[in-house]
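A.B. asks: Before I ask anything, let me first share the structure, which is written out below as C-alpha cells.
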Amino acid sequence: MSRELSAGRLLLASPDLLDPNFVDTVVLLLDVNDEGALGVVLNRPTALPVSEVLGEWGEVVEEPEVLFQGGPVATDGALAVALASPGGEHAAGFRPLWDRVGLLDLDTPRELVDGTVDRLRIFAGYAGWGAGQLQAEIAEGSWYVVPSRVEDVFLGDTHDLRRRVLRRQPGELAFHATRPADPELN
C-alpha cells in the first residue's frame, strides 16, 4: 500500500478511526502541501437538493442531485469537484487537480461552464488537516491511502463505496472489505 499523499488519492477510514465525522468514510484528497491537506468525503450524501441551495447548478450535478457532506470544516461553503470534458481542462473557472478532475468555481457564470464539464458533484464543507496532522493519523493506523478512480468521485450510490474501493486493493487490504462493522458480532 502506497502512503503517497497527493491530489486524487483516497483516504479510507480504518476500523480504528472512531471520530463520528469520519467513520466508514472515503475521502478524496484535493490538495496536499507543507501546510496540511484538504479533501472531501465522497460517501455522505445529504437529503438537500443542490437546486434548493445553488439554483441552476442542480441541473448539471451528477445523480443523486443532492449536496454531499464534504466534511466538518466550513459546512456553509461549497466545493465543486468536476470532470472536465476532453479539452475543457483550461475552461473558465476550472482548476485541474489530476487527469481531467478538478475544482470548479461556482461563481463562474453557468453559460461559460456549459459544454466544458462532463460530471459535477458539490460538497458542503470539507475535511482539513494541519501540517503533519494527516501523516500522524496515517502512521497511527486511522487511514488507508489508496489510488482513486474517476468513477469513485461520481458514483451514484455511495453506500458501499468504501467496501468497493477496499475490495479492489492488493493483498491484505482487500480482506478489510469483508470485515463486519462490529467484529464482536462475528
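A.B. asks: How charged is the neighbourhood of V66? Take every other residue with its Cβ under 11 Å from the Cβ of V66, and add Lys/Arg as +1 and Asp/Glu as -1.
C.D. replies: With Lys, Arg at +1 and Asp, Glu at -1, the net is -2.
A.B. asks: Would you list the P(r) distribution for the range 24-148, with all Cα-Cα distances sorted into 10 Å bins from 0 and each bin expressed as a whole %?
C.D. replies: Using 10 Å bins, I get a P(r) of 13, 42, 33, 11, 1 for the range 24-148.
A.B. asks: Mind grabbing the accessible area of S148 for me, 1.4 Å probe, Å², rounded to tens?
C.D. replies: Per-residue accessible area (S148): approximately 30 Å².
A.B. asks: Compare T116, T46 by solvent-accessible area with a 1.4 Å probe and give them largest first, with all protein chains kept in place.
C.D. replies: Of T116, T46, the descending order of accessible area is T46, T116.
A.B. asks: What are the residues whose amide H is under 5 Å from the amide H of R9, where those residues sit 5 or more places off or on another chain and H is modelled from the backbone?
C.D. replies: HN-HN under 5 Å from R9: L29.
A.B. asks: Here's another thing I want to ask about it. Step through the residues of the range 24-30 one at a time and calculate ³J(HN,Hα) from phi using the Karplus curve (6.51 cos²θ - 1.76 cosθ + 1.60, θ = phi - 60°), rounding each to whole Hz and writing x for Gly and Pro.
C.D. replies: 6, 8, 10, 10, 8, 6, 9
A.B. asks: Short version: ³J(HN,Hα) in whole Hz for each residue of the range 93-107, in order, from phi by Karplus 6.51 cos²θ - 1.76 cosθ + 1.60 (θ = phi - 60°), x for Gly and Pro, what are they?
C.D. replies: Couplings: x, 9, 10, x, 10, 7, 6, 9, 8, x, 9, 10, 6, 6, 7 Hz.
A.B. asks: What is the local net charge at G128, summed over the other residues whose Cβ is closer than 14 Å to its Cβ (Lys, Arg +1; Asp, Glu -1)?
C.D. replies: -4
A.B. asks: Oh, and also: What are the ³J(HN,Hα) couplings of the range 150-155, residue after residue, when phi is run through the Karplus curve with 6.51, -1.76, 1.60 and θ = phi - 60°? Round to Hz, x for glycine and proline.
C.D. replies: Each residue's phi maps through the Karplus curve to give 3, 5, 4, 6, 10, 4 Hz.
A.B. asks: Highest mean first, how do 9-22, 117-130 rank when packing is the count of other Cβ atoms within 10 Å averaged over residues?
C.D. replies: My ranking of the peptides, most packed first, is 117-130, 9-22.
A.B. asks: Describe numerically, in nm with one decimal, the distance between label points set 7 Å from Cα along Cα→Cβ at E52 and at L112.
C.D. replies: So the two model labels end up 3.0 nm from each other.
A.B. asks: In addition: Rounded to the nearest 500, what is the chain's calculated 222 nm mean residue ellipticity when only DSSP H runs of at least 4 contribute -39500 (n - 2.57) each, over all residues?
C.D. replies: -3500 deg cm²/dmol
A.B. asks: I would also like to ask the following. If we count every other residue with Cβ under 12 angstrom of A84's Cβ, Lys/Arg +1 and Asp/Glu -1, where does the sum land?
C.D. replies: Residues near A84 contribute 0 overall.
A.B. asks: Let me ask something else about it. Non-local amide H neighbours of T46 (under 5 Å, H modeled in plane, Pro and chain starts lacking H): which ones?
C.D. replies: L67, F68, Q69
The values are calculated or read from the model by the stated rules, or taken from the named source; none is laboratory data. Just so it is clear, the model here is predicted, and its values are computed rather than measured. Quick reminder, even Gly has a Cβ in these numbers, built from the backbone with ideal geometry, and neighbours come from all protein chains shown. These area figures cover heavy atoms from the full protein model, side chains too; ligands, DNA and RNA do not enter into them. Shrake-Rupley method; radii C 1.70, N 1.55, O 1.52, S 1.80 Å.
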